[in-house]
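Single-structure report; data block below.
Just so it is clear, none of the values below were taken in a lab; they were calculated from the coordinates. Computed from a predicted structure; not experimentally measured. Every residue, glycine among them, receives a Cβ derived from its backbone with ideal geometry; neighbour counts consider all protein chains shown.
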């Protein structure tokens with residue numbers, strides 16, 4: 001996604017989970033409109049971290065947003081760092097709780113498609129998806145796509161788990 005109205009916020013966030021919290025805090029504090037997309041982006045290099053982007057395809061972000069974020073000490077630049085981002089805030093995200101059919105998920109949100117890892121076919125519209133209240137689709141070729149995996153009872157779950165175990169947690 002390369003929306004005409006977008007900005008990148010780099011707070012030096014250490015990981016995607018902290019970036020999720022930053023996006024939710026910014027959206028609440030700045031009362032962002034419901035049609036804003038908030039994504040996370042991995043920043044590689046000498047100091048790997050996670051930046052976030054805010055975009056509003058239908059029109060500009062409220063004009064006070066860049067100023068207020070800069071006042072908080074964040075590095076704010078126009079545009080998005082990359083076309084592929086992991087969406088945390090997007091239209092309909094708040095309604096994706098509990099268990100939904102794939103058709104309901106697509107109808108309620110800005111998600112364009114659901115794919116199932118390891119299979120070439122798309123899931124049937126009536127297939128149940130257990131959201132775990134954590135649905136993080138990614139931008140692929142200008143479309144918001146949720147990767148899912150098979151789960152118990154013929155259901156699906158989003159590939160990304162809500163509370164991942166840190167690497168080497170048992171060492």
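Given q = 0.10, 0.12, 0.21 Å⁻¹, what are the Debye log10 I(q)/I(0) values for segment 43-121, with equal point scatterers placed on the Cα positions and solvent ignored? With one equal scatterer per Cα and no solvent, log10 I(q)/I(0) is -0.39, -0.54, -1.12.
Using alpha-carbon positions, what is the distance between the centroids of segment 110-137 and segment 148-162, in Å? Computed from Cα coordinates, the inter-centre distance equals 8 Å.
Taking the Kirkwood radius as the inverse of the mean 1/r across Cα pairs, report the Rg/Rh of the chain. Provide the component values of the computation, followed by the final result.
Values: Rg = 16.5 Å, Rh = 16.8 Å.
Ratio of gyration radius to Kirkwood radius for the chain: 0.98.
Counting only Cα atoms, the size of segment 95-158 along its three principal axes is 32, 27, 18 Å, in decreasing order. The modelled label-to-label distance for the pair residue 117/residue 71, using points 7 Å beyond Cα in the direction of Cβ, is 4.2 nm.
Sorted ascending by nearby beta carbons within 10 Å, beginning with the fewest, 37, 159 become 159, 37.
At a 10 Å Cβ-Cβ cut-off, how would you order 131, 99, fewest neighbours first?
On the way: 131 19, 99 13.
Fewest-to-most Cβ neighbours within 10 Å comes out as 99, 131.
Projected onto its three principal axes, the C-alpha set of segment 6-89 covers 34, 26, 21 Å, listed from the longest axis down. Mind checking the angle between helix 16-29 and the chain's longest principal axis? C-alpha axes, 0 to 90 degrees, to the nearest 10. Its long axis makes an angle of about 60 degrees.
So what is the relative contact order for segment 34-168, in percent, with contacts set as C-alpha pairs under 8 Å and at least six apart?
On the way: 232 pairs, mean separation 27.4, N = 135.
20 percent.
Among 14, 137, 120, the largest mean-square fluctuation in a Gaussian network model of the chain (Cα springs under 10 Å) belongs to 120.
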